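Quick note: the coordinates plus some simple rules give every number you see, no bench work behind them. Keep in mind the model is a prediction, meaning the values are calculated, not measured. For neighbour counting, all protein chains shown are included, and Cβ atoms are generated from backbone atoms with ideal geometry for every residue, glycine included.
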Amino acid sequence: MKQIPLLLKAEMVRQTLARNKNRTRRLVTARNSIVVPKVPFDCLDMSRAVIDQGPSPAGNPGPYWGVPYSHCDMSLVVRIYPRVHAGDVLVGKETLRYSNEGTPTRYAADNTPVMEDGESVPWEWLNATLPSIFMPLNMSRLNLPVTRVRGEFIQDISEEDAKAEGISLLGGWNADETTYGINYSGPFSLLWDSINARPNPVRSGGKITHYVSYPWEAVNEIREHRGLPWHVRGNHPVWVYDFEREVVK
């Protein structure tokens with residue numbers, strides 16, 4: 001069993017606490033995947049990936065992605081496996097905030113005090129807010145055992161899946177001349193883009209070499225951002241983690 005940090009926005013924290021969220025999607029990346037044979041992850045064209053939920057003829061339970069890879073005179077199909085498996089535990093990380101009202105360290109999502117062994121946790125940081133990425137794991141109140149892992153392209157999400165992601169039933173979303181109507185997947189696509197569609201810098205040797213983004217839109221092209229290449233990799237493969245909602249400390 002492994003413990004895997006899981007960054008959560010405030011609304012997703014509230015939905016998990018309310019037991020409205022028991023599923024999450026994460027981009028397939030080099031950090032959360034194993035590539036066999038080992039080749040540079042950035043050289044893989046994930047738009048050509050094919051998912052196999054398993055089991056394989058050799059008995060591997062799956063899931064895994066098959067991705068064509070070509071280099072010089074070598075051509076093969078590599079397999080990408082998840083590092084997270086059923087039985088592992090996702091440890092929720094959320095934003096903390098300082099309060100001058102009795103208990104100084106609080107969860108920003110709902111202003112609940114952070115407690116340890118019945119005692120309030122002192123505030124030890126310079127700023128009044130601690131982003132979720134820096135939250136110590138021992139302060140997590142969300143321990144979420146994984147029950148199932150599968151792979152899919154982000155646009156393959158169903159209405160049931162989007163609801164399980166904690167999306168509220170919303171209507172009237174209009175973006176890019178598309179009317180989503182009353183559903184769950186429309187608001188989910190907007191949430192996805194708010195996190196993944198912006199250009200993120202990629203550094204090498206301490207310098208930004210290019211930017212990359214992973215929007216909902218099925219587009220695979222190179223644009224320009226701040227004078228550098230911007231790799232847009234839309235409708236990207238994701239790992240889908242189902243988890244139990246009852247284990248909350």
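Amide H of residue 83: which non-local residues (sequence gap of 5 or more, or other chain) have their own amide H closer than 5 Å, using H built in the peptide plane?
It is 33, 34, by chain and number.
Put +1 on the Cβ of each Lys and Arg and -1 on the Cβ of each Asp and Glu in the chain; which of 164, 237, 135 then has its Cα farthest toward the positive end of the dipole?
Selected residue: 135.
Which percent of the Cα-Cα distances in the chain go past 29 Å?
39
With springs connecting C-alpha atoms under 10 Å apart, model the chain as a Gaussian network and identify which of 193, 52, 117 has the largest mean-square fluctuation.
117
Which value in Å is the Kirkwood Rh of region 14-149 over different Cα pairs?
18.2
Treating the beta-carbon of each Lys and Arg as +1 and of each Asp and Glu as -1, no other charges, what is the dipole magnitude of the chain about its Cα centre, to the nearest 20 debye?
With Lys and Arg at +1 and Asp and Glu at -1, about 500 debye.
Quick one: net charge of residue 150's neighbours, Cβ under 11 Å, K/R +1, D/E -1?
-2
Using a Gaussian network model on the chain with a 10 Å cutoff between Cα atoms, which of 166, 102, 54 fluctuates the most?
102
Search the structure for amide H atoms under 5 Å from the amide H of residue 225, placed 1.01 Å from N in the peptide plane, and list their residues when 5 or more places away or on another chain.
230
On a 0 to 90 degree scale, rounded to 10, what angle separates helix 185-196 from the longest Cα axis of the chain?
90
Considering the chain as a Gaussian network with a 10 Å cut-off on Cα pairs, which listed residue, 59, 186, 205, attains the greatest mean-square fluctuation?
205
Please report the antiparallel percentage of DSSP beta bridges with both residues in the chain, rounded to the nearest 5.
In the chain, DSSP labels about 85 percent of beta bridges as antiparallel.
From the C-alpha coordinates alone, can you work out the Kirkwood hydrodynamic radius of region 93-150, in Å?
It is 12.2 Å.
Quick one: if you take sqrt(5λ) for each eigenvalue of the C-alpha gyration tensor of region 1-52, what semi-axes come out, biggest first, whole angstrom?
30, 13, 10
Could you give me the ³J(HN,Hα) list for region 28-36, computed from phi with Karplus coefficients 6.51, -1.76, 1.60 and θ = phi - 60°, whole Hz, x at Gly and Pro?
6, 9, 5, 6, 10, 9, 10, 9, 10
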